[in-house]
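Here the structure is laid out as structure tokens; the discussion comes afterwards.
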Amino acid sequence: MHEGLRIAWREAVAQARGYVDGDDPEPVLAGLGLALVLSATGAQTSAEEGRALGSAGARALLAGDAGAEQDEDHGWARAIARAGLDALAGRPPSLEAIADPVHPPAGRLIDMLDGRPDGLSAGACAAHVLGCARCAAALAVA
Ligand SMILES: [Zn+2]
């Protein structure tokens, strides 16, 4: 795993462990985006960390369901988070609504490997890679 992604993942797991209902769910949802990056890159993490993020992530998604405004960005973030939750649970994530529609440039793939620019954007890029043999092959040699 790239160092940037390792750091971002550790921070996301720490946020998840500290997450209590009523907190801003955004950092936990972004952590679920990173779970998609891990899935796309085959990076290994501890099962315990995955459970911590999955548990907090499910609660963060529920909290968002109860939230008032549901703008487009909000729906996008939640769709990525839901796919990340599926990936953590070993279910095939639903990628159609969230994957970047075009092949990302090499620079974006490299950013994704470090969890940049943020967990949700990296997760959207990872969703593309998960559904694209060409980009998955490009990553395999990166
Ligand atoms: Zn592609």
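We did not get these values from a lab; they are worked out from the coordinates using the rules stated. Because the structure is predicted, anything quoted here is derived from the model rather than measured. Note that we place each Cβ from the backbone using ideal geometry, even for glycine, and neighbour counts take in every protein chain shown.
Within the range 123-137, if we keep just the residues that are farther than 13 Å from residue 87 by Cβ and assigned to a helix (DSSP H, G or I), the residue that is farthest from the ligand (Cβ to nearest atom) turns out to be 124.
For the range 107-122, the tally of residues that are surrounded by 15 or more Cβ atoms within 10 Å (Cβ to Cβ) and part of a helix (DSSP H, G or I) stands at 10. Going by what's in this entry, would residue 119 be described as more than 15 Å from the ligand (Cβ to nearest atom) and touching a residue at least 40 places away in the same chain (Cβ under 8 Å)? Criteria met by residue 119.
Does residue 58 qualify as being hydrophobic (A, V, I, L, M, F, W, C) and under 30 Å from residue 141 (Cα atoms)? No, not satisfied. Within the range 53-69, can one find any residue that is within 19 Å of residue 2 (Cβ to Cβ), free of Cβ contacts under 8 Å to residues at least 40 places away in the same chain and either hydrophobic (A, V, I, L, M, F, W, C) or surrounded by 12 or more Cβ atoms within 10 Å (Cβ to Cβ) (or both)? No, that holds for no residue.
Checked against (1) over 16 Å from the mean Cα position of the chain (by Cα); (2) away from the ligand (no atom under 14 Å from the Cβ), residue 140 meets all criteria but (2). The set of residues in the range 103-113 being in contact (Cβ under 8 Å) with a residue 12 or more places away in the chain and of a type outside the set (D, E, K, R) consists of 103, 104, 106, 109, 110, 112, 113.
Checked across the range 83-106, the condition of being within 16 Å of the ligand (Cβ to nearest atom), assigned to a helix (DSSP H, G or I) and not acidic (Asp, Glu) holds for at least one residue. In the range 77-95, of all residues being without any contact (Cβ under 8 Å) to a residue 24 or more places away in the chain and over 25 Å from residue 46 (Cβ atoms), the one that is surrounded by the most Cβ atoms within 10 Å (Cβ to Cβ) corresponds to 79.
If you go through the range 38-47 one residue at a time, do you hit one that is farther than 17 Å from residue 95 by Cα and assigned to a helix (DSSP H, G or I)? Scanning the range 38-47, I find at least one residue that is farther than 17 Å from residue 95 by Cα and assigned to a helix (DSSP H, G or I), so the answer is yes. The residues on offer are 6, 59, 10, and the sole one that is over 14 Å from the mean Cα position of the chain (by Cα) and assigned to a helix (DSSP H, G or I) is 59.
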